[in-house]
Amino acid sequence: MKNIFRFAFRRWDKIPNDELKGYSIYIFLVGLLIGCLLFGLMKVLFKWSFNELIMILLANSVFSFLFSMVIYKREWIDEKYGLGYDGYYIVPGRNEGMSYKAAIVLITTAAPLFSILFFVMGLHYGNMIVATAFLIAMPIPFILMFLRIDAYENKIIVTPKQLDYCPPFYFVLGQLNAMAGLEFSIRTILISLIYGTYPLIWAVLYFLFSFLTQIFIASPDILDNMISVNLRTVQGYKKGSVIYLILIFIGYGIFLIFQNIF
């Protein structure tokens, strides 16, 4: 465990290859251990079934493997995306850190875990339609951010007042839209196909709106070119977030309209 903490405070693009391979194995094993602990915790607290917890445990194992493989394949990732960036001036005396593009690669490894986790939650608290909608919706933010990875390239000095296009911020917004827009729109399509409750054309249009919103969130450079504020600054991001949140709430509002009209 000491090795993991030591790794967390080092730049992994500076660690020797042999040492890095050892860290990747440690990370995989620690990920499995955390999965087993969560298995027991959720069994006690939430009373989920054994099969549901096994699915989450397997998804966590896949995540641990993918994350450790990114660490293991450091040279390939560094050559393709660039691991380090020396323009961070947030912590005094330390200006080196992981590049935003490398951060997106790491975030993407969590896609299977998020998908299965929400699938199981939908299955446990809802039904198969809800679970399937989550299974389809939750990976979309990961995929779109990865496809737009070049938009997140570090281009300015990062300070407390200007964070550039910080991936975790847009990832959170993307997940909100996935839960409040994409999942509901996919659910309406499934209900329309199975039961005919909703007009299919309106359900598809609803999905297109939610999907375009997701693309918009995953592409901060598009909004940055459309409005006068600079989204690379903290104040600009706050103003841009208002626009994103309005679109997300509109997506959720459309679902409420479906519920009340059809």
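Only the coordinates and a few stated rules stand behind these numbers; no lab work does. Every value quoted in this text rests on a predicted model; they were computed, and no experiment measured them. Note that we place each Cβ from the backbone using ideal geometry, even for glycine, and neighbour counts take in every protein chain shown.
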| What ranking do E183, E19, E52 get, fewest neighbouring Cβ atoms within 10 angstrom at the top? | E19, E52, E183
| message | Given the C-alpha atoms of the stretch 84-262, compute the convex hull and give its volume per residue in Å³. | response | 117
| task | Only helical DSSP H runs with n ≥ 4 go in: add -39500 (n - 2.57) per run for the chain, normalise by residue count and round the 222 nm mean residue ellipticity to 500 deg cm²/dmol. | result | -23500 deg cm²/dmol
| Listed residue pairs exceeding 28 Å between alpha carbons, taken from K73/K155; K155/K238; K80/K155; K43/K238 | K43/K238
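For the residues W76, W48, what sequence is obtained by ranking on other C-beta atoms within 10 Å, fewest first? Display every interim value, and only then the final one.
On the way: W76 10, W48 19.
The order, fewest Cβ neighbours first, is W76, W48.
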| message | Sort 226-238, 162-174 by the packing proxy (mean of other Cβ within 10 Å over each peptide's residues), most packed first. | response | 162-174, 226-238
| field | Amide hydrogen neighbours beyond the local backbone of G84, cut-off 5 Å, H modeled | value | S99
| query | Which of the helices in the chain meet the span-like rule: DSSP H, Cα axial reach of 30 Å or more, Kyte-Doolittle mean at least 1.6? | reply | 50-72
| task | Would you give the gap between the C-alpha center of the stretch 151-210 and the C-alpha center of the stretch 79-128, rounded to a whole Å? | result | 17
| request: Using Cα positions and a limit of under 13 Å, work out the aspartates and glutamates in reach of K101, with same-chain residues fewer than 8 apart set aside. | output: D78, E79, D150, E153, D164
| message | What does the extension gain come out to for K239 and E79, with contour length at 0.36 nm per residue minus their alpha carbon separation? | response | 54.1 nm
